[in-house]
């Protein structure tokens, strides 16, 4: 569905992405893993059009997305930190987003219902806890039923019950054939939620395969240990 | 007033006892004037008379009936008076010739004492009324207007040279070179006239001692009003307004002494008063409002006093070109005064310095006016107020009023 | 876009800062009217406040707002929407809310106590200054990467235009006072929006003094409508040019 073709991105002298190519397909869930500053956020932002690559191309169903904006109707994005205008109410935010997306199909209000957000539609953003804001971000990402979801640290700050609700939702969407991209520092979450691992370090992709293959290859049953092994391998190489 | 009554009585006597000659019906004004004997009244009925230069050499009263038109056809002078006790009343005098060699006028008086010129309308004249060497003339309720592209194409509206005891009252003069011109005219009054939109001065006044001008309006004249080389002149309750330009003044005083400037209103002039070489003159109860500079006081002035005046909305109240100040100020109201009045006697407890630093700066660098009222200028002026370095420290009002005077 | 603007505007108008700003202007204006019965003097005092406070508040508030909205702008840009729309809706919302606060704060007392032509000019020039400094703030915000730096740049802009620039002009005029500098001065003034707004005011308040110039150029400039048209026109450029630049940068900016 998405093909990233030899993307490079320089911030001044810093090479954030140094020739990244990757294919992302429907029905799969990709865990983007890498140390801080490895370039995984930059890669996500390139796909979202927030960062413009220095060179290379990104295609969605064969069409280049560079300098386009309407393709983002196919993406639901849940940012790592959801900060919203202080005096805006949840209901107003939803209404505004619906206006921006101009969505014609059915809305997916499952998360709104399960997180019981509708009861809080009149509350202004500045009064909300970090967890509630995460719930709002998650609900927004799924609301327009997009074929692709990009979730940046989706479980951070959520209470255990909500984490389970969100995880179930993510897995349901994957089995429905959606493309899912997740970054997280919680390896057990990634183990549950993703089918593929993309390990990024210093702006390059060092590993790109299914979790099952990774576990086989490293001989570790836990994703965390398997990844550590990969990390050590790249560090010594 | 005495003289005015005397003139009225004299007129009454003449019309009652002299004969009456009518012009018109084939009789020209010139013929009628020739036929008339001294002391007669010539009546000119309504109509247009294209007659040049009507020379009057005997005492006569010439009356227009329903404003007859005397047309000089752009070449002649209309009335030339060379006798005493002549009255011209009720004419519309138009289109004189224009010659600066002969100073052609609508009405000219030469050695003609006790002339009365009243209730006439002058249009498109070179000089309107031109009087020389004639005493006790009365010029009242005339309206004079003219126009031209250049100053040299115009004469003065009411022009007096070497006269005594003249009364100029209730006239309106526009579009001339100088509205009213006085040179060597003494012991005379200029009262309740309106002189506006003249190309040079609304009033031009030289070597004319012991005169008074009161209750006149001088508005929007090319260079305002100029009073020069004169002693003992009283300037009371006049209005000087809207005289704009680099060398335009509400009132220009040059070499004036022992005079009075009292109860006048100066509004919207580039400079309200510009004075140099002025001595021992009293400025009392005047209003200075929304002028660029209320008073430009040159260092050549001494012994003048400025008391009980109101200053409000002027860009600068006073500017001067020297450090030595020999004039006094007291009990004026300055809207820029920021002092306090702890003893509540209506007089501010700290003196007011009316010369601002920026007025000094803009005197040296005129273009600097463009940063006037900027924060920088505000700070500079403040700093100067705290530690005077450039502005004359002794030019100050020690008794600034907390409230404006009621000047009526 | 109107719906986006509506919600963002609604959000900004409810911030305490805008409320304080409105109240500050309102109370200052009312206070001045109370202290002085002469309306032209009141306008003069208000002008001193407007020329200092409006640029400062506009540029600082806009910069802070931009950085506080950074994540939200990011989220909006992740939606199927043109960057120009996001940028303009942010600009218009901030500009409109500051304009509203300004006109209410300064204008309401004028309606209540009465004013003259110079009061209307004050509203106009303050509104222009608001727009100019919102534009400048957006420019400085899109050019810098962190909030503290952007606020620093904003304050520098303000300090430069409010004080430094005029000192520089005065120095030039002083150094070259022997030369005819009319057009140069006007050209210099055009480089500072605060000066232009001030010129609009002194054209009203000090025209008698301005007519004291000997040069024919200044006579035309101040006497006719030329000065007004010039100052207003260049102020509009000061709104449009930084805004256009900011938009260009924003369209290519990596968030």
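The values are calculated or read from the model by the stated rules, or taken from the named source; none is laboratory data. Source: prediction; values computed, not measured. Methodologically, a virtual Cβ is constructed for each residue, glycine included, from the backbone with ideal geometry; neighbour enumeration extends over all protein chains shown.
Quick notes on this structure:
- Of the residues making up region C:196-208, not a single one is without any contact (Cβ under 8 Å) to a residue 40 or more places away in the chain and more than 17 Å from residue B:362 (Cα to Cα).
- Residue in region C:32-49 that is within 30 Å of residue C:147 (Cβ to Cβ) and away from every other protein chain (no Cβ under 14 Å) present: no
- Matching residues, region A:100-142, being within 22 Å of residue A:61 (Cβ to Cβ) and surrounded by fewer than 23 Cβ atoms within 10 Å (Cβ to Cβ): A:101, A:102, A:103, A:104, A:105, A:106, A:108
- Considering (1) exposed (fewer than 14 other Cβ atoms within 10 Å of the Cβ); (2) within 16 Å of the chain's Cα centre (by Cα); (3) within 7 Å of chain C (Cβ to nearest Cβ), the lone condition that residue A:77 does not fulfil carries the number (1).
- Any hit, region C:95-113, residues being within 14 Å of chain A (Cβ to nearest Cβ) and at pLDDT 95 or above: yes
- Selection count where residues are surrounded by fewer than 19 Cβ atoms within 10 Å (Cβ to Cβ), part of a helix (DSSP H, G or I) and more than 9 Å from every other protein chain (Cβ to nearest Cβ), scope region C:156-192: 9
- Filter pass, residue A:23 being without any contact (Cβ under 8 Å) to a residue 24 or more places away in the chain, more than 16 Å from residue A:74 (Cα to Cα), touching a strand residue (DSSP E or B) at 6+ places or on another chain (Cβ under 6 Å) and away from every other protein chain (no Cβ under 14 Å): yes
- Scanning region B:336-383 for residues that are without any contact (Cβ under 8 Å) to a residue 24 or more places away in the chain, part of a loop (DSSP other than H, G, I, E, B) and within 13 Å of chain C (Cβ to nearest Cβ) returns B:338, B:365, B:373, B:374.
- The set of residues in region B:302-327 being within 23 Å of the chain's Cα centre (by Cα), in a loop (DSSP other than H, G, I, E, B) and within 14 Å of another protein chain (Cβ to nearest Cβ) consists of B:314 alone.
- Within region A:110-153, the set of residues being assigned to a loop (DSSP other than H, G, I, E, B) and closer than 25 Å to residue C:11 by Cα comprises A:115, A:116, A:117, A:121, A:122, A:123, A:128, A:129, A:144.
- Of the strands (runs of 3 or more DSSP E) entirely within region B:121-206, those holding at least 3 residues that are farther than 27 Å from residue B:84 by Cα occupy B:194-196.
- Per-region count, region C:193-241, residues part of a loop (DSSP other than H, G, I, E, B), more than 8 Å from chain B (Cβ to nearest Cβ) and surrounded by fewer than 14 Cβ atoms within 10 Å (Cβ to Cβ): 2
- Qualifying residue in region B:338-358 (condition: surrounded by 14 or more Cβ atoms within 10 Å (Cβ to Cβ) and at positive phi): no
- Only listed residue being within 20 Å of residue C:47 (Cα to Cα) and touching a helix residue (DSSP H, G or I) at 6+ places or on another chain (Cβ under 7 Å), chosen from C:220, C:166, C:206: C:166
- Residue that is farthest from the other protein chains (Cβ to nearest Cβ) [pool: residues in region B:281-295 that are surrounded by fewer than 24 Cβ atoms within 10 Å (Cβ to Cβ) and assigned to a strand (DSSP E or B)]: B:282
- Count of region C:30-60 residues which are farther than 17 Å from residue C:201 by Cα and in contact with a helix residue (DSSP H, G or I) (Cβ under 6 Å, 6 or more places away or on another chain): 9
- Looking only at region B:249-280, and only at residues there that are part of a loop (DSSP other than H, G, I, E, B) and surrounded by fewer than 24 Cβ atoms within 10 Å (Cβ to Cβ), the one that is nearest to the chain's Cα centre (by Cα): B:263
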